[in-house]
């Protein structure tokens, strides 16, 4: 009994230490995130000492040498690329998830799932290089445009990059739907496709929406691949084939040559803060969707 008591006390002691370790880790992560937000936001808000908020958010004139710091074209470019990539990638990703979860045989699904996950390990610069050597010339040739760089090229690359996120999470959501719902639908005479469309997809909707929003969060913050194919021109795009720029691509192009503390540098910090706020809003949306129950 004495030995059992000592083992029990040892386990309780380990649990006690691990509890404080987890609390310390969570606290450290919170401090780091808050510090980043405060630093980036505080440095970025200094922009408004020399630039009005209206000019920054609603002007597309970006000319640091002429003291013009309008970021509208970059904000619109980021949102446009994100939305277009979701419109292209979400249907393909959802179709792949349905195939892997409910249609493909078990042996094929076991091969496709690891193969899909491997796409996550591919560096973004590789996607950008593929877009630069294949997608851009394809657009230039088959759409009869002069450059090929622009929103369409960036959106296609991002759509390919977000596929693993949508496929993996959507497949898990579909597999998590109770088997009894699918069996009940089939027993009532519904076809496989009717069951998938009217039973499985509505039941897995929170997980599917979560995958799409996570993909949007990755798309809006992607830098290198977009920077290589979008054209990096500070102008408001009026067509899919017009070169433009996004918040991350413009930051990575100009940050290295910008004096810290200058109005130009502060404007880039403010752009980073806007990007951070967009990502945080998407995370909050994910948490809200995850708490909802469709069934």
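The values are calculated or read from the model by the stated rules, or taken from the named source; none is laboratory data. Keep in mind the model is a prediction, meaning the values are calculated, not measured. Cβ: placed from backbone, ideal geometry, glycine included. Neighbour counts: every protein chain shown.
Can you find a residue that is within 26 Å of residue 136 (Cβ to Cβ) and free of Cβ contacts under 8 Å to residues at least 12 places away in the same chain anywhere in segment 228-239? Within segment 228-239, one or more residues are within 26 Å of residue 136 (Cβ to Cβ) and free of Cβ contacts under 8 Å to residues at least 12 places away in the same chain. Can you say whether residue 29 is more than 25 Å from residue 219 (Cα to Cα) and either assigned to a helix (DSSP H, G or I) or not assigned by TED's automatic domain parsing to the domain that holds residue 212 (or both), as far as the supplied structure shows? Considered against the rule, which asks whether it is more than 25 Å from residue 219 (Cα to Cα) and either assigned to a helix (DSSP H, G or I) or not assigned by TED's automatic domain parsing to the domain that holds residue 212 (or both), residue 29 comes out as no. Say whether the condition of being in a loop (DSSP other than H, G, I, E, B), touching a strand residue (DSSP E or B) at 6+ places or on another chain (Cβ under 9 Å), crowded, with 16+ Cβ neighbours inside 10 Å and in contact (Cβ under 8 Å) with a residue 12 or more places away in the chain is met by at least one residue in segment 72-91. No, there is no match, as no residue in segment 72-91 is in a loop (DSSP other than H, G, I, E, B), touching a strand residue (DSSP E or B) at 6+ places or on another chain (Cβ under 9 Å), crowded, with 16+ Cβ neighbours inside 10 Å and in contact (Cβ under 8 Å) with a residue 12 or more places away in the chain. Residue 252 meets all of the listed conditions (1) more than 29 Å from residue 130 (Cα to Cα); (2) surrounded by fewer than 20 Cβ atoms within 10 Å (Cβ to Cβ); (3) at pLDDT 85 or above but one, namely (1).
For residues that are in a loop (DSSP other than H, G, I, E, B) and surrounded by 18 or more Cβ atoms within 10 Å (Cβ to Cβ), scanning just segment 113-159, find the one that is farthest from the chain's Cα centre (by Cα).
Taking segment 113-159 first, the residues in a loop (DSSP other than H, G, I, E, B) are 122-123, 143-150.
Okay, now just the ones that are also surrounded by 18 or more Cβ atoms within 10 Å (Cβ to Cβ), so 148-150.
Numbers: 148: 24, 149: 21, 150: 19 Å.
Across segment 113-159, the extreme among qualifying residues is 148.
Annotation note: of 207, 189, 221, the sole residue that is free of Cβ contacts under 8 Å to residues at least 40 places away in the same chain and under 17 Å from residue 89 (Cβ atoms) is 207.
Might you check whether a residue that is part of a loop (DSSP other than H, G, I, E, B) and under 22 Å from residue 163 (Cβ atoms) occurs anywhere in segment 265-281? No, there is no match, as no residue in segment 265-281 is part of a loop (DSSP other than H, G, I, E, B) and under 22 Å from residue 163 (Cβ atoms). In segment 102-124 there is no residue matching the filter, namely being free of Cβ contacts under 8 Å to residues at least 12 places away in the same chain, closer than 26 Å to residue 229 by Cβ and touching a strand residue (DSSP E or B) at 6+ places or on another chain (Cβ under 8 Å).
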